[in-house]
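Have a look at the structure below, then the notes.
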Amino acid sequence: MEPAAEHQQQLRSLRDFLLVYNRMTELCFRHCVSNLNYRLLTGREESCLDGCAGKLVRANHRLMRAYVALMPAIVQRRASGYEAGAAQGSAWAGSAAPPARPGAGAPGASPDVPAAPGPGGPLQGAPGAGT
């Protein structure tokens with residue numbers, strides 16, 4: 001990896017860490033600190049914050065372990081899908097267009113809805129088209 005790309009990756013990682021840290025701090029503060037009349041936290045608030053932060057860190061670690069365990073399978077599935085799509089695309093390369101499905105209109109169009117007229121409006125020379 002070149003230095004500029006590595007530096008950008010490090011900045012993204014730092015930003016992601018700070019976002020998680022700030023969100024955790026905000027959640028735990030709102031949940032645990034109820035009295036702002038004193039400069040120091042009460043013993044109850046401190047223990048609540050310790051428990052809250054610990055719970056969120058453990059949950060984050062658990063999610064990351066699951067992500068790391070599942071990621072290779074997801075990458076493999078995507079690679080297989082890309083390979084299948086490429087093989088299908090090369091089979092279509094010899095023909096003018098991919099094989100049409102019965103009842104298929106324009107890409108993304110519903111078979112029950114007629115296609116909209118093109119940029120020139122309705123078909124020219126058609127009855128009622130004004131020509």
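The values are calculated or read from the model by the stated rules, or taken from the named source; none is laboratory data. Please read these numbers as outputs of a predicted model, since none were measured by experiment. Positions of Cβ are backbone-derived with ideal geometry, glycine not excepted, and every protein chain shown enters the neighbour counts. Heavy atoms of the whole protein, side chains included, go into the accessibility calculation; ligands, DNA and RNA do not. Shrake-Rupley method; radii C 1.70, N 1.55, O 1.52, S 1.80 Å.
Just checking, does segment 79-86 include any residue being within 29 Å of the chain's Cα centre (by Cα), of a type in the set (Ser, Thr, Tyr), open to solvent by 100 Å² or more (accessible area, probe 1.4 Å) and at pLDDT below 90?
Yes; the residues of segment 79-86 include at least one that is within 29 Å of the chain's Cα centre (by Cα), of a type in the set (Ser, Thr, Tyr), open to solvent by 100 Å² or more (accessible area, probe 1.4 Å) and at pLDDT below 90.
Leu63: part of a loop (DSSP other than H, G, I, E, B) and open to solvent by 80 Å² or more (accessible area, probe 1.4 Å), yes or no?
Working: part of a loop (DSSP other than H, G, I, E, B): no; open to solvent by 80 Å² or more (accessible area, probe 1.4 Å): yes.
No.
Of the residues in segment 1-32, how many are open to solvent by 80 Å² or more (accessible area, probe 1.4 Å) and acidic (Asp, Glu)?
Number satisfying all stated conditions: 2.
Note down all Cβ pairs under 9 Å where the first residue falls in segment 6-26 and is closer than 24 Å to Gly54 by Cα, the second is aliphatic (A, V, I, L, M) and part of a helix (DSSP H, G or I), and they're at least six residues apart or on different chains.
Note: pairs meeting the criteria are Val20/Leu56; Arg23/Leu56; Met24/Ala53; Met24/Leu56; Met24/Val57; Thr25/Ala53.
If Pro119 meets every condition in (1) farther than 30 Å from His31 by Cα; (2) modelled with pLDDT of 50 or more apart from one, which number is that one?
(2)
What number of residues within segment 44-60 satisfy the criterion of being more than 28 Å from Ser13 (Cβ to Cβ) and open to solvent by less than 60 Å² (accessible area, probe 1.4 Å)?
Filtering segment 44-60 down to residues more than 28 Å from Ser13 (Cβ to Cβ) leaves 44-48.
Next cut, open to solvent by less than 60 Å² (accessible area, probe 1.4 Å) only: 45, 48.
Summing the residues that are more than 28 Å from Ser13 (Cβ to Cβ) and open to solvent by less than 60 Å² (accessible area, probe 1.4 Å) in segment 44-60 gives 2.
How many residues are in contact with a helix residue (DSSP H, G or I) (Cβ under 6 Å, 6 or more places away or on another chain) and assigned to a helix (DSSP H, G or I) if we restrict to segment 32-60?
Residues of segment 32-60 that are in contact with a helix residue (DSSP H, G or I) (Cβ under 6 Å, 6 or more places away or on another chain), as a first pass: 32-33, 45, 48-49, 52-53, 56.
Then keep just the ones that are assigned to a helix (DSSP H, G or I); that gives 32, 45, 48-49, 52-53, 56.
Of the residues in that region, 7 qualify.
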